[in-house]
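The structure appears right after this line, and notes come after that.
The values are calculated or read from the model by the stated rules, or taken from the named source; none is laboratory data. Note that this is a predicted model, so its numbers are computed, not measured. Cβ: placed from backbone, ideal geometry, glycine included. Neighbour counts: every protein chain shown. In case anyone asks, the SASA skips ligands and DNA or RNA and just uses the protein heavy atoms, side chains included. Shrake-Rupley method; radii C 1.70, N 1.55, O 1.52, S 1.80 Å.
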Amino acid sequence: MTGKKTRKDKTITSIQTIGIPVRSVNWVRVFPTKDGEGRDCLVAVMGQQAAGFTVVKINPDTGATSQATSTDPTANFPTGALRTRDGRVYIGAAYAGHLYRYDPASEQLDDLGAINLPNDTFPCNMDEDDNGVIWIGCYGSAGLTSYDPGTGEFVRHGRMDETDMYCYPYVGAGGTIACYIRVTRPHVVVYHPESGERRTVGPVVVTEDGGSLTLYRAADGQLYIRSTGGDFRLVGFEAEPVDDLPELAPPPALSDGSTADFADRATQMFHELAISHPDSGTTRTIPVTYESAGSEIFLVQRGPDDNIYGSSILPLHLFRFDPSSQAMDDLGMCTTAAGEAYSMANMDGKLYICSYPGANLSVYDPSRPYDFGEEAGSNPRELGRMDEISYRPRSMVAGPLGRVWTASVPDYGMWGGPLSWYDPATEKFGTYRDIAGEASCWALAWLESHGLLAVGTTIQGGSGTQPRVDQASLFLWDYAAEEKVWEGRLPVAVTSVNALAVIDGGLLCGTVHTGAESLIFVFDPAGRRFAHLVTLPGGRALDGGVQVGPDGGVYGFTTGCFYRFDPDAGVVTTVHEEPAAFQTTGPMDRDGVYFTKKHELKKLVF
């Protein structure tokens with residue numbers, strides 16, 4: 001099938017740990033409270049991926065800190081947090097699904113136990129009722145759970161919705177709990193714990209049809225619904241229409257009325273605290289020091305300057321590694337999207353970066369000084385969203401028609417991920433909204449000699465949805481004619497085509513998931529036929545994990561294996577195997593291949 005080349009077999013001589021590119025934090029909340037002496041203090045709750053979440057107690061006068069960190073390495077994200085009336089801070093940690101309590105008087109962090117495992121792993125919101133009972137809503141089964149600090153007992157109240165998976169509870173009037181349900185049909189479910197009555201109250205909107213709804217507590221202490229179906233005051237099981245919505249409840253304050261938050265929150269650094277006094281209108285800032293273990297790496301890509309670039313997760317920092325000098329730099333923000341860069345590609349000496357959430361596109365010129373912004377002349381410069389639907393832009397190709405192309409899963413609660421493009425010459429965006437039906441575009445490759453884009457799909461819709469299709473496909477897109485010229489499915493049922501690469505002779509190589517295993521295949525674009533569907537060793541194939549090495553050979557990663565693939569014989573050879581060693585695939589050079597394991601950039605050295 002391909003032209004034969006003599007290639008020397010790769011042998012791994014060592015595994016090099018290059019370093020930790022980014023040490024930042026996420027899900028950051030600051031709570032004013034009192035210490036053991038009854039003095040004002042601040043408690044900052046922060047997530048991190050290289051260790052459990054951490055709690056930093058801050059003296060608002062001096063900036064002095066003390067720190068407590070969860071010992072559970074899976075309790076990374078403090079997605080729910082609440083300061084109760086007794087001054088303690090409760091934290092719901094994902095994806096451990098446990099509830100924690102931090103006491104600023106003793107500086108003790110206690111694990112109180114599982115909230116509602118295994119059904120719920122992601123606490124969404126918490127609220128305290130008049131009896132001091134804490135109500136916790138979660139993602140997973142949209143479950144509602146209560147915790148009584150007096151008895152130390154959890155009570156599981158069950159699902160608050162049979163379809164959607166996100167539950168955000170607020171204590172309502174008359175002993176009720178109002179649960180804001182997301183994301184495909186946002187609505188409010190009111191639950192009465194004593195009677196067990198559960199009822200949908202107020203409008204139900206549909207995200208896919210452009211509907212929106214939020215539930216919030218206002219400054220008057222009452223709950224309000226803001227929605228495309230009307231605005232309401234929530235009183236127990238009644239939703240009373242209102243003409244005007246009041247302001248949000250103010251944040252908790254220190255004893256003199258001052259409020260506190262990180263002044264550098266917008267730049268995702270979290271080391272400078274701002275304390276603002278409402279009466280005087282003055283703000284003072286203090287530096288805050290603490291230990292952070294490291295931020296997980298989501299993507300690694302070779303840039304146009306031959307340096308290695310990558311993105312951390314929550315928050316999104318762009319980092320650079322220079323192989324010649326071994327210098328590692330956390331460059332900081334490259335987009336206002338705070339999640340992670342999902343895809344990158346090089347064109348005309350520039351690095352294009354597309355990020356979650358919102359499929360925000362940025363462009364960086366490594367030859368110019370680093371100065372992020374949205375204005376012309378900024379570097380990197382944020383160019384805007386690819387379209388109004390794309391949210392997780394997993395693959396990018398630069399070149400066809402002089403454009404940058406992305407394949408994306410759609411927004412929360414939606415189905416049908418688009419194929420989209422950006423033209424740097426005209427600064428225009430374009431999208432093909434329904435090109436994959438209710439599946440999503442996920443993997444891209446440029447078949448330049450054929451004038452086509454190869455697009456692999458996934459059955460997944462946006463977060464919070466269940467698939468509406470049962471199998472992924474591969475299709476060929478004529479970008480000049482703007483038409484799909486062929487679409488087909490592999491001879492086995494697959495849930496995702498998650499990597500594509502153009503190999504010798506203009507053929508296509510890719511990997512797929514079946515749910516039970518991962519496989520690699522060869523596809524002939526001219527003959528429109530698949531060949532050599534081979535099971536891969538070592539676990540799940542990594543997204544974007546197939547590439548052509550400097551020697552012209554085809555290489556790839558699974559979670560536990562770096563392998564070589566012979567597309568002529570359809571034979572996979574293990575180069576290096578190590579269970580669960582590989583998380584993100586990186587580029588190859590002649591002396592090795594980059595990869596990541598959680599927060600560390602590593603290299604298999606040949």
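In whole angstrom, how far apart do the alpha carbon centroids of the stretch 277-346 and the stretch 72-151 sit?
29 Å
At a threshold of 8 angstrom on Cα-Cα distance, excluding pairs fewer than six apart, so keeping six or more, what relative contact order does the chain reach in percent? Present the calculation step by step, with values, prior to reporting the outcome.
On the way: 1743 pairs, mean separation 56.7, N = 606.
Relative contact order, the chain: 9 percent.
Hey, what's the chain come to in accessible area per residue, 1.4 Å probe, Å²? Could you put the intermediate results ahead of the total?
Numbers: 23810 Å² over 606 residues.
Roughly 39 Å² per residue, with all protein chains present.
Could you tell me the largest-minus-smallest coordinate of the C-alpha atoms of the stretch 428-471 on each of the three principal axes, in descending order and whole angstroms?
Answer, in whole Å and largest first: 38, 27, 14 Å.
For the stretch 437-567, rounded, prolate or oblate, judged on the Cα gyration tensor with a ≥ b ≥ c (square roots of eigenvalues), a/c < 1.5 rounded, else prolate if a/b > b/c?
On the way: a/c = 1.76, a/b = 1.03, b/c = 1.71.
Since a/c reaches 1.5 but b/c is at least a/b, the shape of the stretch 437-567 is classed as oblate.
Placing unit charges on C-beta atoms (Lys and Arg positive, Asp and Glu negative, everything else neutral), compute the dipole magnitude of the stretch 437-589 about its Cα centre in debye, rounded to 20.
Details: 7 positive and 17 negative charges, 76 e Å.
With Lys and Arg at +1 and Asp and Glu at -1, about 360 debye.
Return the carbon/sulfur percentage of the accessible area of the chain, one whole number, probe 1.4 Å, all protein chains in place.
Details: 11030 of 23810 Å².
Taking all protein chains in place, the chain shows 46 percent carbon and sulfur surface.
Under a cut-off of 18 Å between alpha-carbon atoms, report the lysines in cross-link reach of Lys10, not counting same-chain residues fewer than 8 places apart.
Straight-line reach from Lys10, under 18 Å: Lys602, Lys603.
What GluC sites (Glu not before Pro) in the stretch 212-309 are in a loop by DSSP, with at most 10 other Cβ atoms within 10 Å of the Cβ? Please report the intermediate quantities before stating the final value.
Working: sites: Glu238, Glu247, Glu272, Glu291, Glu296; in loops: Glu247, Glu291, Glu296.
Those satisfying the criteria are Glu247.
On a 1.4 Å probe surface of the protein chains, which of Ile308, Ile18 comes out largest in accessible area, and what is the full order? Don't skip to the answer; put the middle values down first.
Numbers: Ile308 0, Ile18 35 Å².
These residues rank, largest area first, as Ile18, Ile308.
List the trypsin sites (Lys or Arg not before Pro) in the stretch 499-606 that DSSP assigns to loop (not H, G, I, E or B) and whose Cβ has at most 11 other Cβ atoms within 10 Å. Which are they? Spell out each step's value before the answer.
Numbers: sites: Arg528, Arg529, Arg540, Arg564, Arg590, Lys597, Lys598, Lys602, Lys603; in loops: Arg528, Arg540, Arg590, Lys598.
Filter output for the stretch 499-606: Arg590.
Given contacts defined as C-alpha pairs under 8 Å and at least six residues apart, what's the relative contact order of the stretch 70-223, whole-number percent?
Numbers: 371 pairs, mean separation 18.6, N = 154.
After rounding, I find 12 percent.
Regarding the stretch 566-606, what are the three Cα extents along the principal axes, ordered largest first, in Å?
37, 24, 14
If I model the chain as equal point scatterers sitting on the Cα atoms and use the Debye formula, what is log10 I(q)/I(0) at q = 0.09, 0.12 Å⁻¹?
Normalising to I(0) and taking log10 leaves -0.79, -1.31.
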